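A short worksheet on the structure shown next.
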Amino acid sequence: MLALGIGASTAIFSILWAVAIRPLPYEHPEQLVVLWRTDPVVPQLPASGPDFLDWARQSDVFSALAAGMPYHATFTGAGETERLDVFQVTPDIFKMLKVQPAAGRLFVDSDEQPGRDHVVVLGKGFGARGGGRDLTRIGRTVTLDGEEYEVIGRVPDSFRFPAFMPGIEAQYDVYVPIPFERLSKDRQEPSFFVVGRLKDRTTVREAQSEMTTIASRLAKQYPESNAGIGVYVVSMQEQIKGISGTLVTVLLFGVGFLLLIGCANIAVILLTQGARRQREIAIRQALGATPARVTLQLLAESTLLALAGGAAGVLLAFWFKNALLSLTPAFLIPQTNPITINWQALGFALVVSVATGGLFGIVPALRLSRVSLEGFLKGGAYEGGGGTRSVGARDFLVVTEVTLALSLLIVCGLMIRALAGFLLAKPGFNPRNLLTISLKVADSKYPTHEARNGFCRGLIEQVDALPGIKSSALEGESIGHIAPADRPLNPSTFRQSPFAPLSLVTPDFFRTMQLPLLRGRPFNSSDYVEKPSVAIINLSMARKLWPDQEALGKRFTATYPPEWYEVVGIAAESHLILGVDMPQAYLPKLSTKADLLVRTVGDPKSAMNSIREVISHVDKDARVSSVKTMEESRAEAINPLRFIAAVLGTMAAVALLLATVGVYVVTAYSVAQRTHEIGVRMALGARRGQVLIFVMRHGIRLSVLGVAIGLLIALGLGRVLAFFLRGVTLGAVSTYLGVSLLLLVVTLLANFIPARRATRIDPLAALRYE
């Protein structure tokens with residue numbers, strides 16, 4: 001019991017230490033910050049390239065400011081194609097983090113200029129994933145997305161990039177420079193993550209003040225793109241801690257709760273077994289041992305027991321830590337710092353071991369130290385465990401662990417119920433026999449609307465002609481603020497409008513997805529002009545913009561200056577991951593960065609190779625970064641929720657098991673100690689049913705009392721959960737009642753097993769018991 005509890009808590013503490021407590025593995029990590037673009041709706045957004053350049057030129061509080069954007073690139077070489085994790089960065093990124101090259105050189109300012117930007121710095125993973133160490137030699141060329149890059153350097157294997165946001169990896173395969181021309185255009189597209197290093201003796205508050213001034217200046221200079229836009233500066237340590245610090249803290253709290261229940265359980269066992277030592281302790285006291293001396297001896301024994309459990313727990317902690325990291329989605333636990341069982345974790349295990357030894361040992365030690373020889377000889381301790389006081393302490397501990405177990409069970413039940421609402425929500429479309437292929441082709445090859453139209457239509461026609469294909473469509477992604485035509489618009493009010501995903505789809509999108517159109521019409525070929533004027537929206541958007549009105553025929557915009565779209569159709573709700581309805585619009589636009597959606601007759605995977613051949617035939621340079629079935633995509637998307645639900649379910653099961661063991665031990669020992677009394681009752685005519693009820697009555701009273709107190713505590717915890725977590729409701733009466741009944745039934749069974757054994761006692765054997 002101790003090894004499992006201490007091992008699990010030590011493993012989780014090692015993660016918490018690396019994520020939230022240990023300084024980042026860089027020189028002067030307290031100077032590192034993350035800069036976010038903000039607007040009235042979303043508090044943290046990447047920056048646009050022009051905004052980043054203005055921040056770098058106008059600020060005076062940073063010794064270095066850098067931007068980056070992660071993506072996946074297709075590496076061709078060594079006879080096969082692989083997908084690499086790439087981070088596209090400005091040259092100052094390594095200077096800011098004070099990284100020295102392991103070989104060659106790192107980026108310089110000239111590497112972002114046209115004609116000189118096809119250089120690459122290799123990360124730790126490239127040697128293994130890139131097809132062999134010969135490709136890592138400085139001066140060699142590697143092919144990424146069909147373009148050649150010269151290898152100019154390699155970062156140390158120990159280098160880890162700050163994983164300050166989901167999607168940001170700690171270690172990348174390669175780093176490439178961002179072309180300056182890409183940074184200097186499209187002020188309205190937030191694409192780049194920005195990190196900086198403060199100058200000496202500059203605080204985050206001073207940086208925030210200066211960046212607020214710069215944001216106000218840019219809002220006046222560029223009202224169409226920057227009205228209402230601000231800048232948020234946060235310490236990188238705080239940013240990283242915010243990703244998973246709360247999750248790991250909750251896990252540590254839950255394991256600590258289980259450890260408390262386990263301590264109560266062990267205390268019950270020690271009190272129960274203490275009856276065997278009453279004679280020994282009474283004789284020690286008769287020979288001059290004071291109660292304090294006996295208490296210290298018993299506490300020393302408990303501490304030794306706890307240290308033994310802690311030593312075994314440390315060994316288990318290595319396995320727990322590795323298992324937890326392998327099961328947890330990578331973005332939930334960033335590994336900017338390597339996660340190891342270090343001396344801090346070992347110190348934590350030692351402190352927890354000593355603390356638990358005192359915790360579960362103090363009550364038995366105090367109770368057993370009061371046994372006297374005179375009382376023992378008079379039979380005052382007959383009930384075992386140090387007399388009636390020990391019985392009372394034992395009962396108190398059983399009530400305590402039932403209370404703690406019920407509280408933890410209900411909290412886990414409420415959270416699992418909320419997660420189940422997300423996990424079991426219907427997506428709104430049919431994910432079966434649906435293949436998704438992420439495509440990207442060079443924008444320069446299709447600069448006009450007609451060229452993009454030709455590429456998209458040609459690709460869909462050839463895919464549809466393949467055997468076993470029902471239909472196909474393309475879906476690009478964008479996002480924007482949405483506002484109805486009847487609302488007065490200016491840059492400030494527009495930025496306060498709600499966000500909505502904008503799907504850029506081809507005509508057969510709704511048929512391919514099998515997403516129902518509730519009202520209106522689908523798109524037709526005449527809608528696909530360079531600047532379309534129609535859109536299809538979902539029910540949530542209709543209700544958001546025009547509550548209690550018919551949305552068909554209404555107009556809205558998703559850009560400023562406004563480009564107006566007339567609503568020609570209302571689609572059903574659809575969501576890939578969570579059962580959360582949100583506004584969404586579908587536009588008849590064509591994009592070269594899109595997902596190819598293919599509806600097949602049978603298994604979608606059987607069509608993968610032929611579809612790849614078609615893509616290569618239409619555009620030999622087209623990049624395919626991901627090929628998955630829609631069911632696989634949904635499974636990956638909900639894996640974090642499944643993981644959290646599994647952890648909560650495991651905690652609840654362990655809590656239930658521990659409470660059951662505690663009740664069983666008390667009842668079983670009570671039966672063993674009262675064998676003589678039960679035999680007398682049966683000899684005098686007591687029936688088996690009466691004996692069963694007589695034995696179970698005490699344990700049932702303890703269980704009911706623990707459940708009653710636990711319900712009151714759980715109601716308070718439920719209010720806290722409902723305040724912080726979406727989907728957790730206080731009105732989930734069935735959870736409270738169901739968990740309470742489950743615990744009562746299980747503890748009733750724990751009482752029943754030893755009570756049934758009591759009904760089989762032979763009265764003659766019992767009368768000879770003593």
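The values are calculated or read from the model by the stated rules, or taken from the named source; none is laboratory data. This structure is a prediction, so every number in the text was calculated from the model and none was measured. Positions of Cβ are generated from backbone atoms using ideal geometry, with glycine treated the same way; all protein chains shown enter the neighbour counts.
Take the residues in segment 687-720 that are surrounded by fewer than 17 Cβ atoms within 10 Å (Cβ to Cβ) and of a type in the set (Gly, Ala, Ser); name whichever of them is modelled with the highest pLDDT.
Looking at the filtered set, the residue picked out is 708.
Using the structure shown, decide if residue 499 is crowded, with 19+ Cβ neighbours inside 10 Å and within 35 Å of the chain's Cα centre (by Cα).
no
Quick one: count up the residues across segment 724-770 that are more than 17 Å from residue 415 (Cβ to Cβ), aromatic (Phe, Trp, Tyr) and at pLDDT below 80.
Number of matching residues: 1.
Does any residue in segment 137-148 that is in a loop (DSSP other than H, G, I, E, B) come within less than 6 Å, Cβ to Cβ, of a residue that is surrounded by 14 or more Cβ atoms within 10 Å (Cβ to Cβ) and at pLDDT below 80 six or more places away or on a different chain, and which pairs are these?
Qualifying pairs under 6 Å: 145/73; 145/74; 145/623.
Considering 491, 498, which residue is within 30 Å of residue 220 (Cβ to Cβ), in contact (Cβ under 8 Å) with a residue 24 or more places away in the chain and in contact with a His (Cβ under 9 Å, 6 or more places away or on another chain)?
498
I'd like to know if segment 148-155 contains one or more residues that are under 27 Å from residue 439 (Cβ atoms) and at pLDDT below 80.
Looking through segment 148-155, none of the residues is under 27 Å from residue 439 (Cβ atoms) and at pLDDT below 80.
State all residues of segment 453-478 that are closer than 30 Å to residue 223 by Cβ and surrounded by 17 or more Cβ atoms within 10 Å (Cβ to Cβ); if no residue qualifies, say none.
Passing the criteria: 476, 478.
I'd like to verify a number: residues in segment 436-451 that are in contact with a helix residue (DSSP H, G or I) (Cβ under 9 Å, 6 or more places away or on another chain) and within 20 Å of residue 586 (Cβ to Cβ), how many?
Qualifying residue count, segment 436-451: 3.
List the helices (runs of 4 or more DSSP H) that sit entirely inside segment 179-252 and contain at least 3 residues that are loosely packed, with under 15 Cβ neighbours inside 10 Å and modelled with pLDDT of 85 or more.
Where helices (runs of 4 or more DSSP H) fall fully within segment 179-252 and carry at least 3 residues being loosely packed, with under 15 Cβ neighbours inside 10 Å and modelled with pLDDT of 85 or more, they are 204-221.
So which residues in segment 580-629 are buried (at least 18 other Cβ atoms within 10 Å of the Cβ), among the hydroxyl-bearing types (Ser, Thr, Tyr) and at pLDDT 85 or above, if there are any at all?
Answer for segment 580-629, where residues must be buried (at least 18 other Cβ atoms within 10 Å of the Cβ), among the hydroxyl-bearing types (Ser, Thr, Tyr) and at pLDDT 85 or above: 586, 600, 629.
What's the total number of residues in segment 82-115 that are β-branched (Val, Ile, Thr) and without any contact (Cβ under 8 Å) to a residue 60 or more places away in the chain?
Looking only at that region, the number is 1.
Can you say whether residue 492 is over 18 Å from residue 555 (Cα atoms), exposed (fewer than 14 other Cβ atoms within 10 Å of the Cβ) and at pLDDT 80 or above, as far as the supplied structure shows?
So residue 492 fails the test.
Return only the number of the condition from (1) at pLDDT below 85; (2) in contact with a Gly (Cβ under 9 Å, 6 or more places away or on another chain); (3) of a type outside the set (Lys, Arg); (4) surrounded by fewer than 22 Cβ atoms within 10 Å (Cβ to Cβ) that residue 395 does not satisfy.
In the conditions (1) at pLDDT below 85; (2) in contact with a Gly (Cβ under 9 Å, 6 or more places away or on another chain); (3) of a type outside the set (Lys, Arg); (4) surrounded by fewer than 22 Cβ atoms within 10 Å (Cβ to Cβ), residue 395 misses (2) alone.
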